[in-house]
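The values are calculated or read from the model by the stated rules, or taken from the named source; none is laboratory data. Since the structure is predicted, the reported quantities are computational estimates derived from the model, not experimental observations. Because the Cβ atoms are built from the backbone with ideal geometry, glycine has one as well, and the counts that use them run over all protein chains shown. In case anyone asks, the SASA skips ligands and DNA or RNA and just uses the protein heavy atoms, side chains included. Shrake-Rupley method; radii C 1.70, N 1.55, O 1.52, S 1.80 Å.
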Amino acid sequence: MSGKRHSARAKAAVFRALGDETRLSLLAKLSSGKRYSIAELTDGTKLTRQAVTKHLRVLERVRMVHGSREGRESLFAFDPQAVIELKEYLESVSKQWDVALARLKKFVESDQG
């Protein structure tokens with residue numbers, strides 16, 4: 001059970017990270033496949049470098065972004081693995097609901113006769 005609890009906790013953390021408009025905006029930019037510096041990520045926004053850095057750290061903790069140093073600059077890139085895992089999880093939940101709803105429908109229809 002501990003593995004499932006950890007897995008559920010990790011998924012919940014990803015959903016929490018995605019629940020912020022600023023982080024979604026950063027992910028949209030990063031999903032282009034290019035690596036971005038903090039300065040590039042703040043361009044055209046009202047965000048400070050400190051604010052962007054804070055949001056990037058949240059995304060790093062849930063493994064949606066990874067940063068690397070290149071000289072004096074930190075570059076950040078999107079890591080799709082967490083999104084792939086969430087997609088698989090949501091597909092699994094959807095299948096479970098489909099099965100449960102089919103059972104309910106069968107029960108209701110058999111009770112009508």
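For volume of the Cα convex hull per residue in Å³, several values are listed as (i) 103; (ii) 93; (iii) 137; flag the one computed from this structure.
Recomputing volume of the Cα convex hull per residue in Å³ here picks out (iii).
Could you provide, to the nearest whole Å², the per residue accessible area of the chain with probe 1.4 Å? All intermediate terms of the calculation are to be shown ahead of the outcome.
Values: 8260 Å² over 113 residues.
Solvent-accessible surface per residue comes out at 73 Å².
Could you give each residue of the stretch 74-87 its phi-based ³J(HN,Hα) in whole Hz, using Karplus coefficients 6.51, -1.76, 1.60 with θ = phi - 60°, and x for Gly or Pro?
Per-residue couplings from phi come out as 9, 10, 10, 9, 6, 10, x, 4, 5, 5, 4, 5, 5, 4 Hz.
Set the Förster radius R0 to 35 Å, insert the Cβ-Cβ distance between SER92 and ALA51 as r into 1/(1 + (r/R0)^6), and round the FRET efficiency to 0.05. Show your work: numbers first, answer last.
On the way: r = 35 Å, r/R0 = 1.00.
Calculated value: 0.50.
Using label points projected 7 Å from each Cα along Cα→Cβ, tell me how many nm separate LYS106 and GLU21, to one decimal.
It is 4.6 nm.
Given the options LEU41, LEU90, LEU59, which has the most mean-square fluctuation in a GNM of the chain, springs set between C-alpha atoms less than 10 angstrom apart?
Residue with maximal mean-square fluctuation among LEU41, LEU90, LEU59: LEU90.
Of all accessible surface on the stretch 1-72 at a 1.4 Å probe, what whole percent is carbon and sulfur?
Numbers: 2580 of 4960 Å².
Ligands and nucleic acids excluded, carbon and sulfur give 52 percent.
So what are the ³J(HN,Hα) numbers for the stretch 22-33, from phi and the Karplus equation (6.51, -1.76, 1.60; θ = phi - 60°), rounded to whole Hz, Gly and Pro as x?
Coupling constants for the stretch 22-33: 5, 5, 4, 5, 4, 5, 4, 5, 5, 5, 5, x Hz.
Check which residues have an amide H placed less than 5 Å from SER74's amide H, if you skip close sequence neighbours.
ILE38
ASP79's amide H: which non-local residues (gap 5+, or another chain) put their own amide H closer than 5 Å, with H modeled 1.01 Å from N in plane and none for Pro or chain starts?
So ASP79 has HN proximity to VAL65, HIS66.
Which whole-number percentage describes the relative contact order of the chain, with Cα contacts under 8 Å and a sequence gap of 6 or more?
Rounded, it is 23 percent for the chain.
Do you know the Lys pair count in the chain for C-alpha distances under 25 Å, with sequence separation 8 or more or different chains?
16
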